[in-house]
Amino acid sequence: MKDLFERIVKDKGPLGKWAKQAEGYYVFPKLEGPISNRMKFNGKEVLTWSINDYLGLANHPEIRKVDAENAKEYGMAYPMGARMMSGHTKYHEQLERECAEFVSKESAYLVNFGYQGMVSAIDALVTKNDVIVYDMDSHACIIDGVRLHQGKRFTFKHNDMESFEKNLVRATKIAEEHNGGILVISEGVFGMRGEQGKLKEIIALKEKYNFRLLVDDAHGFGTLGKTGAGAGEEQGVQDDIDVYFATFAKSMAGFGGFFAADSDVIQYLQYNMRSQMFAKSLPMTMVKGALKRLDMIRTMPELRDKLWENVRGLQNGLKEKGFNIGKTNTCVTPVFLEGDIPEAMALVNDLRENHRVFCSIVVYPVIPKGMILLRLIPTAAHNLDDVSETIIAFSSIREKLEKGIYKRIGSAMLSSVQ
Ligand SMILES: Cc1ncc(COP(=O)(O)O)c(C=O)c1O
C-alpha cells in the first residue's frame, strides 16, 4: 500500500509541474495598488489588461465609499449561518428581486461564488434519468457540475450547431428511454476567446427538440445588450433562456452571483442547491454593495459606452495592424500568435519588463500546441492612449517573435531555472 501523498509529491499536476519556472511571474503574479488601468507588478507600473473589471467599478469612488460604509455598519460576518437557518435578510431578497427584474426573469437566487453555485445548480437540476448536452469549451465550473451528474452526458464541438444537433438527437433517444429530460448548457460569452455562445441557434432548435437551456453569462452580464442584461438580450432571446446565471465577480466588481428563472425553478434551487443550503450566506457588505453596483449598471449607461469605445479602439487597432483576434464579438480580446512555450515566456517577459504591458497568457494544453494566446480585457477604466501604447508594444513583440529572437532567449531562460 502507498502513502497517499507519495503521488502528490512526485506528480504535481498539469499546471503544478511548471511551478518552479512560472510561479510568481506567469502564474500567481501579484498585481498591487488600486484596481485600475495602471497597477504595480514587481514594484514597477504596468498597463493592466488582465482584470475583468469591465465597467471600471472596482475602484469607482462611489463604490469605494459605499463598500466602506457597509463594512463599517455590518462588518464582514453578518449575517451568520446558511440562509435556511439564520443567514437570511430582507436585503438578500431585495437583491434577488432586482437581479431578476434586470435580466427579465420572474425570480432569482443568490450564490456565494459563481463557480460553486454553477456546480451545485447543475447537480440540483438533473437526476440520473436526465441527459446533459454541453459545449466542449465550457468553463471548469460547468465541467465540474457535469462531473456530479450520474446520468448520460454529451459534449458538442464548440459553437458547432451541426455537432450540437447530432448530440441532441442522441440525448433525446436516451432521455426518452429513461423517461428523463434534457439540460443544454452554454456560456453567453466564452471567456478565453471572447465568442458569444450561439444562443439564438440553440434556442431555434427548441422547435424540434424538447430541452431546457442553462446559460452561464459571467462575461456577458453588464457588458452586452442594450441595457447590459447580457448575451440573451444582445441576441434577442433572453425570454427563451430557461436558467440564466451571472457572477458578481466581473462587471459587478464584487463576489457572489445569481441564478434567474421562472419562480418554480428558483424555488426548487433555493431548497435543493447544496452549496447554498449548507454554506454561510453572502455577507451583507457584499449584498448591499451589489445593490449599489447593480444600480450603477442600470443608471449609468455611459460606463458601458466607455467600455465599448475602448473595446472598439483596441480590436480595430489590432486588426488594422494585421493581428489575429479570432472570432471575438465581445469585450474579451484574444491575440493569437505562433510560438512554443519558451518563446511565449520570453515574449511575455519582454512585454511586461520593457513595454510595461501586463496581460494574461494562455498556452498548450488550453489552446493547440504551437499557439500563444495573449488575452486582453479592456474596461471602462482604460483610455485610448492605453490602447495606442499597447498596439505599439504588440507590434514590437510580434516583430521580435517573427525574427526568432524569443526562441533564443526563451530556451536560455528555461534552462537557467531547470
Ligand atoms: C464563465 C465563467 N463562469 C463562472 C465563473 C466563476 O465565477 P466566480 O468567480 O463568481 O466563482 C467564471 C469566473 O472566472 C467564469 O469565467
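The values are calculated or read from the model by the stated rules, or taken from the named source; none is laboratory data. Please read these numbers as outputs of a predicted model, since none were measured by experiment. Counting neighbours? That spans all protein chains shown, and the Cβs are built from the backbone with ideal geometry, glycine included.
For the stretch 241-265, name all the residues that are in a loop (DSSP other than H, G, I, E, B) and within 14 Å of the chain's Cα centre (by Cα).
F248, A249, K250, S251, M252, A253, G254, F255, G256 - these are the residues of the stretch 241-265 that are in a loop (DSSP other than H, G, I, E, B) and within 14 Å of the chain's Cα centre (by Cα).
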- Go through (1) surrounded by 21 or more Cβ atoms within 10 Å (Cβ to Cβ); (2) of a type outside the set (K, R); (3) not in a loop (DSSP other than H, G, I, E, B) and name the single condition Y268 misses. (1)
- What number of residues within the stretch 1-22 are farther than 29 Å from A253 by Cα and assigned to a loop (DSSP other than H, G, I, E, B)? 8
- Message: Given the condition of a type in the set (A, V, I, L, M), part of a strand (DSSP E or B) and in contact with a strand residue (DSSP E or B) (Cβ under 9 Å, 6 or more places away or on another chain), answer yes or no: does some residue in the stretch 281-291 qualify?
- Response: no
- Task: Name the single residue, out of those in the stretch 23-68 being part of a helix (DSSP H, G or I) and in contact (Cβ under 8 Å) with a residue 60 or more places away in the chain, that is farthest from the ligand (Cβ to nearest atom).
- Result: E62
- Message: I'd like the full set of residues that are buried (at least 16 other Cβ atoms within 10 Å of the Cβ) and either of a type in the set (V, I, T) or closer than 18 Å to S395 by Cα (or both), limited to the stretch 302-317.
- Response: V311, G313, L314, Q315, G317
- Item | Given (1) of a type in the set (S, T, Y); (2) in contact with a helix residue (DSSP H, G or I) (Cβ under 7 Å, 6 or more places away or on another chain); (3) part of a loop (DSSP other than H, G, I, E, B), number of the condition Y91 does not satisfy | (3)
- Item | Single unsatisfied condition, Y109 versus (1) outside any strand (DSSP E or B); (2) of a type in the set (F, W, Y); (3) within 16 Å of the ligand (Cβ to nearest atom) | (1)
- Could you tell me which residue of the stretch 352-370 is farthest from the chain's Cα centre (by Cα), considering only residues that are at pLDDT below 95 and surrounded by 16 or more Cβ atoms within 10 Å (Cβ to Cβ)? V363
- Evaluate the stretch 239-261: report whether one residue or more is among the basic types (K, R) and within 13 Å of the ligand (Cβ to nearest atom). yes
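Take D123 and decide whether it is touching a residue at least 12 places away in the same chain (Cβ under 8 Å), out of contact with any Phe, Trp or Tyr (no Cβ under 8 Å at 6 or more places or on another chain) and either more than 16 Å from the ligand (Cβ to nearest atom) or not assigned by TED's automatic domain parsing to the domain that holds M277 (or both).
Here the answer is no, as D123 does not meet what is asked.
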- Output the residue which, of all residues in the stretch 191-207 that are in contact (Cβ under 8 Å) with a residue 60 or more places away in the chain and of a type outside the set (D, E, K, R), is nearest to the ligand (Cβ to nearest atom). G191
- Message: Only one of E73, E101 is within 26 Å of the chain's Cα centre (by Cα), part of a helix (DSSP H, G or I) and at negative phi. Can you tell me which?
- Response: E101
- Item | Flag if G114 is free of Cβ contacts under 8 Å to residues at least 60 places away in the same chain, surrounded by 22 or more Cβ atoms within 10 Å (Cβ to Cβ) and within 14 Å of the ligand (Cβ to nearest atom) | no
- Within the stretch 180-190, track down each residue that is part of a loop (DSSP other than H, G, I, E, B) and away from the ligand (no atom under 14 Å from the Cβ). G180, G181
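Which is away from the ligand (no atom under 16 Å from the Cβ), modelled with pLDDT of 95 or more and not in a helix (DSSP H, G or I), of T223, T227?
Working: T223 fails: away from the ligand (no atom under 16 Å from the Cβ).
Residue meeting the stated conditions: T227.
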- Item | Filter result (touching a Phe, Trp or Tyr at 6+ places or on another chain (Cβ under 9 Å), more than 22 Å from H219 (Cα to Cα) and among the basic types (K, R)) within the stretch 325-382 | R352, R356
- Task: Quick one: in the stretch 208-220, of everything that is assigned to a loop (DSSP other than H, G, I, E, B) and in contact (Cβ under 8 Å) with a residue 60 or more places away in the chain, which residue is farthest from the ligand (Cβ to nearest atom)?
- Result: F211
- Confirm whether M277 is away from the ligand (no atom under 16 Å from the Cβ), more than 21 Å from the chain's Cα centre (by Cα) and in the same structural domain as E106 (by TED's automatic domain parsing). yes
- Item | Qualifying positions in the stretch 149-179 - away from the ligand (no atom under 16 Å from the Cβ) and in a loop (DSSP other than H, G, I, E, B) | H149, Q150, G151, K152, K157, D160, N179
